Amino acid sequence: MNKNNNRDKLQGFHFPLKEIITFIVMIVVFVVLLVVSVIIPKEAISSNMEASAMFLCDRPVFEERIENVASSRIDRYADSILLGITWQYDSKRPLESVMRSSYYYTAYQNENDNLRDAVTEDIPANQQYLRYWHGSGAIVRLLLTVLSIKGIYVLNGIVIAILYLTLIIVLLRRRGLIPAVGMVMGLILVSVWYVPLSLEYSWMFILTPVFSLIALEIAWRKKESMCSIAFLCFGMITNYLDFLTTETLTLTIPLLLMLWAEKNDDEGYTGYGVTVRRCVLPWGIGYAGTWMSKWALAAIVLKENTLPYVTGHIAERIGRNDMAGMSTGSFLLGAVTRNVRCVFPLE
């Protein structure tokens, strides 16, 4: 009896070979994209990088476009760091350079000024930021050959508008009035018009409609077997481009739209649990696995123990903020209330 049960369990077990191969291939692609971007000579981006640094220096590091409205806050601190990392890529040691992700830092002035000094005075990097992939740097470095940061912001706005308009039109053509209206309301509530003004904000808002369209196509074509690979890739790409912002958008919005599409299918739907399991777990594995793979690759390439660089920031991010003198409870509760405040742009 026990042997038969064990045999049935083995027959029902699905070894995720395709998912493992996909993960490995994606990691290789991520590394190659960053290394290739380093090949772009500094001379090709120097003028636009200098114009970008000056543009950022003319504005506050953190700016509320409407006073006392949290949702109008623009973060240029992270943008300056990303540009600084992109500027400091070393074509002589491309792999080491992208693994270490260094930039010029001083404690006595803000990151906008640090970027300006690094670019105009050719000051070398002195601060690593290897715990993130900074994959968006590959895109930014390419764009800097033809655009300054101001032009990239404009481009972000155009791309975001086209993608969400496309998604809404697709939903309406499929009689998805409720999700389409919900999408519009959500974009209004988070003040999406401010998103293109910060690189840090833009990547997740660009990825979300793209992933949503893919998820809807999977649901409408009844390709349930593609769910795990698709959401694995969604999680991986999210981690690759994200700078710790609104990463869960790339999971929740595509998942909700997929559930809606399957529920409204004429042939009915077998159950939410299966879809959620096929999507959430692969997304989480892709996201966490991609993050850990960066730390492992950096340790191998740089021949260093990278864990101290990573663990040194864990308490600040998920535990407490000692610099602010806050307890763990106050820190977590404050995070919730601050995010809720951003949903009410007209407060």
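No value in this document is a laboratory result; all are computed from the given coordinates. Remember, predicted model here, so these are calculated numbers, not experimental data. Virtual Cβ from ideal backbone geometry, glycine too; neighbours counted across all protein chains shown.
Placing dummy labels 7 Å off each Cα toward the beta-carbon, the span from Lys222 to Val184 is 3.3 nm. A protection proxy built from the mean count of other Cβ atoms within 10 Å ranks the segments 112-118, 235-241, most packed first, as 235-241, 112-118. Neighbours of Lys303, meaning other residues whose beta-carbon lies under 15 angstrom from its beta-carbon, give a summed charge of 0 when Lys and Arg score +1 and Asp and Glu score -1. The residue list Ser91, Gly176, Ser148 was ranked by how far each Cα lies along the charge dipole of the range 17-312 toward its positive end, using unit charges on Cβ atoms, and Gly176 comes out on top.
Using DSSP to call loops (not H, G, I, E or B), can you name the chymotrypsin sites (Phe, Trp or Tyr not before Pro) in the range 30-114 whose Cβ has at most 14 other Cβ atoms within 10 angstrom?
Details: sites: Phe30, Phe55, Phe62, Tyr77, Trp87, Tyr89, Tyr103, Tyr104, Tyr105, Tyr108; in loops: Tyr89, Tyr104, Tyr105, Tyr108.
For chymotrypsin sites (Phe, Trp or Tyr not before Pro) across the range 30-114 that sit outside H, G, I, E and B with at most 14 neighbouring Cβ atoms in 10 Å, the list reads Tyr108.
Given 0.36 nm per residue, what is the gain on full extension from Asn126 to Ala44 after removing their alpha carbon distance, in nm?
So the extension gain works out to 27.2 nm.
Quick check: from the Cα gyration tensor, does the range 17-312 come out rounded (a/c under 1.5), prolate or oblate? Oblate is the answer for the range 17-312, as a/c is 1.5 or above yet b/c matches or exceeds a/b. Computed extension gain for Ile66 through Lys150, at 0.36 nm per residue and net of the alpha carbon distance, reaches 28.2 nm.
Non-local lysine pairs in the range 17-312, meaning eight or more places apart or on different chains, with alpha-carbon distances under 25 Å, amount to 11.
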